[in-house]
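Participant: Here it is, the structure in full.
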Amino acid sequence: MTPALIWLIIGIALVVAEVLSGDLVLLMLGVGALAAAGSAALTGNIFIDVGVFAVASIGLLVLARPALKRRFLSGPGVKTNTDALVGAQAIVVATVDAQSGQVKLAGDVWSARSFSDGQVIQPGESVTVVEISGATAVVSAEL
């Protein structure tokens, strides 16, 4: 098997494997391997092929991947940080009232207070996060 064909197979396999990972690393390595396949077809020198693969892969990982990730993650429907917690379900850990309480939210224990002034929510009950105010989750009992 010629080196160009080997590089081509590796490149295609990495691009296909990217579908499973979704992190854009294997895609960049796959494109680097495809560039090395082109180099192998033109030069036939293994040292140049490896150099092309390394330069193309590192260049894509350092320059293109961060820009692509920012682009993919900055859509209007993508919520990050505390915005992503609004509407989430939580479990009351310590009695929640208008002043204080604690809930387990996204695997962490958060200080919490109830959305309504007269509402008292007992431990073990499920609540919905209405908003995040500083480091406090404002919650409402589920109906």
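The values are calculated or read from the model by the stated rules, or taken from the named source; none is laboratory data. Just so you know, these numbers come straight off a predicted model, no measurement behind them. Here the Cβ is made from the backbone with ideal geometry for all residues, glycine too, and neighbour counts use every protein chain on show. Calculation scope for accessible area: heavy atoms of the full protein, side chains included, ligands and nucleic acids excluded. Shrake-Rupley method; radii C 1.70, N 1.55, O 1.52, S 1.80 Å.
Participant: Could you tell me the distance between the Cα centroids of the range 109-143 and the range 1-25, to the nearest Å?
Facilitator: Answer, in whole Å: 48.
Participant: Ala98's amide H: which non-local residues (gap 5+, or another chain) put their own amide H closer than 5 Å, with H modeled 1.01 Å from N in plane and none for Pro or chain starts?
Facilitator: Ser114
Participant: If you don't mind, another one. How much solvent-accessible surface does Glu142 expose, in Å² to the nearest 10, with a 1.4 Å probe and all protein chains in place?
Facilitator: Here the residue's solvent-accessible area equals roughly 80 Å².
Participant: Compute the helix-to-body angle for 3-21: its Cα long axis versus the longest principal axis of the chain, expressed 0 to 90° and rounded to tens.
Facilitator: 10
Participant: How big is the accessible area of Thr136 in square angstrom, nearest 10, if you roll a 1.4 angstrom probe over the protein chains?
Facilitator: 40
Participant: Read through the labelled values (i) 1.05; (ii) 1.09; (iii) 1.36 and report the label of the one computed as Rg/Rh (Cα atoms, Kirkwood Rh) from the structure.
Facilitator: (iii)
Participant: Given the DSSP H assignment, sum -39500 (n - 2.57) over each helix run of at least 4 residues in the chain and divide by its residue total; what's the result at 222 nm in deg cm²/dmol, nearest 500?
Facilitator: Calculated at 222 nm, the ellipticity per residue is -13500 deg cm²/dmol.
Participant: Additional query: In nm, what is the difference between 0.36 nm times the number of residues separating Val130 and Gln89 and their Cα-Cα distance?
Facilitator: Extra length available between Val130 and Gln89 comes to 13.8 nm.
Participant: What angle, in degrees between 0 and 90 and rounded to the nearest 10, separates the Cα long axis of helix 46-59 from the longest principal axis of the Cα atoms of the chain?
Facilitator: Relative to the chain, helix 46-59 is tipped by roughly 30 degrees.
Participant: Still on this structure, I have one more. Calculate how steeply helix 25-42 sits against the longest principal axis of the alpha-carbon atoms of the chain, using the helix alpha-carbon long axis, and give the answer as 0 to 90 degrees to the nearest 10.
Facilitator: Once rounded, the angle reads 10 degrees.
Participant: As I understand it, the dipole of the chain uses +1 on the Cβ of Lys and Arg and -1 on the Cβ of Asp and Glu, about the Cα centre. Which of Val55, Gly11, Ser111 lies farthest toward its positive end?
Facilitator: Val55
Participant: When the accessible area of the range 9-143 is computed with all protein chains present and a 1.4 Å probe, what percentage of it is carbon and sulfur?
Facilitator: Exposed carbon and sulfur together represent 64 percent of the surface.
Participant: Mind grabbing the accessible area of Phe53 for me, 1.4 Å probe, Å², rounded to tens?
Facilitator: Roll a 1.4 Å probe over it and Phe53 shows about 50 Å².
Participant: Starting from the Cα coordinates of the range 97-137, work out the convex hull volume and express it per residue in Å³.
Facilitator: 69
Participant: If you take every DSSP beta bridge fully contained in the chain, what fraction is antiparallel? Give it as a percent rounded to 5.
Facilitator: If I count the DSSP bridges inside the chain, around 80 percent turn out antiparallel.
Participant: Follow-up. Please give the per residue accessible area of the range 24-143, computed with a probe of 1.4 Å over protein heavy atoms only, in Å².
Facilitator: On the way: 7040 Å² over 120 residues.
Accessible surface, normalised per residue, equals 59 Å².
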